[in-house]
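Visitor: Here it is, the structure in full.
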Amino acid sequence: MAAEFKSLSGHVSGSDIWDSLRQAAVVSANEMRKFLRGKKLLLFAAMVAAVVALMTYAIAAFSDNTSASFVSTAFATFAYLVVIIAAALFAAPAVAGEYEDRTALILFTRPIGKMSIFLGKTAAALLVTMVFTAVYYCVSAVLSAAICGGVTGNHWASMGLALAYCAASVGIAMLFSVVLRRSSTAVVMTIIFLTLIAGVLTNVFEIGGIEDPWYLLEYCSDDIVFAIDGTFDMMGTQYVRDVDLMRSAAVMVIWGLAAWALGYLAFRKKEY
């Protein structure tokens, strides 16, 4: 953590680690202020509110099935999109935006370690993404209680997996933010990877005869929906799966940590 102060093989004191964490907290607080001053936070909040409103109207107006399990599944189906868009909006521009706005030289040459900068930016983006995801699930639970008179217990298991998916999505978005110099490109690549490339990779493995590619990100993210009752309807076809909650959550977190670590290594070598 304190590689900016000592070599990787040298002694790292507790004060060095504490100083790195303190600097990371300062960077994270600055990022949060940027989010609050900008319009992205309000626009994203409005988008999430619109999704919730449309889902509620569709369930109340057009669906004959008003069971708690059905309502939770309906909202869980769109939870991964909330996570992906939040990660793309708040994490993908974190580093790339500094170069695009020509503020990189000012920020990255200050007496703040690169680990502190990268960790602080990641923490701010992850916090915002997880808060929006948790609020989305809490609001959908209230609506489920209003429509059905209750909430299925697996609703919260699905939320736990969605929060683990936040870690994966933000880690991947931070990697793209480092390796790409334009924030718009980083945003697009984050969305494409999480919605398209990860899904294609899973399909390739399944077509190859591997029925349970539990180590793939897209496969584990599907458990956000399967966690409700073990089933998922798509285009008239019902899919059934036994969900291992702890394994799926762990795999998603590992994907996030691996991508984040690669992003940090690239960030350490990145020139201004």
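The values are calculated or read from the model by the stated rules, or taken from the named source; none is laboratory data. These numbers were taken from a predicted model, which means no experiment stands behind them. Heads up, the Cβs are rebuilt from the backbone with ideal geometry, glycines too, and the neighbour counts pull from every protein chain shown. For accessibility, only protein heavy atoms count, side chains too; no ligands or nucleic acids. Shrake-Rupley method; radii C 1.70, N 1.55, O 1.52, S 1.80 Å.
Visitor: Normalised by the number of residues in the chain, what is the relative contact order in percent for Cα pairs under 8 Å and 6+ residues apart?
Guide: Numbers: 365 pairs, mean separation 67.0, N = 272.
After rounding, I find 25 percent.
Visitor: In terms of modelled amide H atoms, which long-range or inter-chain residues lie less than 5 Å from the amide H of Gly150?
Guide: Ala145
Visitor: Hey, another quick one. So how much accessible area does Tyr57 have, in Å² to the nearest 10, using a 1.4 Å probe?
Guide: Here the residue's solvent-accessible area equals roughly 140 Å².
Visitor: Before rounding to the nearest 500, sum -39500 (n - 2.57) across all DSSP H runs of length at least 4 in the chain and divide by the residue total; then give [θ] at 222 nm in deg cm²/dmol. Kindly include the intermediate steps, with their values, before the conclusion.
Guide: Values: 12 runs with 201 residues, N = 272.
Value at 222 nm, helices only, nearest 500: -24500 deg cm²/dmol.
Visitor: May I ask which of Lys40/Lys121; Lys114/Lys270; Lys114/Lys269; Lys40/Lys269 have a Cα-Cα span longer than 18 Å here? Let's see the in-between values first.
Guide: Numbers: Lys40/Lys121 16 Å; Lys114/Lys270 10 Å; Lys114/Lys269 10 Å; Lys40/Lys269 30 Å.
Violating the 18 Å limit, Cα to Cα: Lys40/Lys269.
Visitor: Scanning the chain for helices, which whole DSSP H stretches are 18 Å or more long along the axis (Cα) and average 1.0 or more by Kyte-Doolittle? Walk me through the numbers before you get to the answer.
Guide: Working: long enough: 14-37 (35 Å, -0.33); 40-62 (32 Å, 2.18); 68-90 (32 Å, 2.12); 114-148 (50 Å, 1.63); 154-179 (38 Å, 1.40); 245-269 (37 Å, 1.12).
Length and hydropathy pass: 40-62, 68-90, 114-148, 154-179, 245-269.
Visitor: Another one. If I compute Rg and Dmax of the Cα atoms in Å from the structure I just sent, which labelled value in (i) 19.1, 62; (ii) 24.3, 79; (iii) 20.1, 66 lines up?
Guide: Step by step, Rg and Dmax of the Cα atoms in Å for this structure corresponds to label (iii).
Visitor: So which residue, out of Gly153, Gly171, Gly120, gets the largest mean-square fluctuation from a GNM of the chain using Cα contacts under 10 Å as springs?
Guide: With Cα springs under 10 Å in the chain, the top fluctuation among Gly153, Gly171, Gly120 is at Gly153.
Visitor: Now, a different point. Stretch Asp233-Val142 to full length: gain in nm at 0.36 nm per residue minus the Cα-Cα span?
Guide: Values: separation 91, 0.36 × 91 = 32.76 nm, distance 2.35 nm.
Answer, rounded to one decimal: 30.4 nm.
Visitor: For segment 112-165, take the alpha-carbon Rg, divide it by the Kirkwood Rh, and send me Rg/Rh. Don't jump to the answer; show the numbers that get you there.
Guide: Numbers: Rg = 15.6 Å, Rh = 12.8 Å.
When Rh is taken as the Kirkwood radius, the ratio is 1.22.
Visitor: Here is a follow-up. For Arg37 and Asp242, FRET efficiency with R0 = 45 Å and r from the beta-carbon atoms, rounded to 0.05?
Guide: Details: r = 46 Å, r/R0 = 1.03.
The formula returns an efficiency of 0.45 here.
Visitor: Still on this structure, I have one more. Express the relative contact order of segment 169-272 as a whole percentage, based on alpha carbon pairs under 8 Å and six or more residues apart in sequence. Intermediate results must be reported in sequence, preceding the final value.
Guide: Values: 92 pairs, mean separation 37.4, N = 104.
Rounded, it is 36 percent for segment 169-272.
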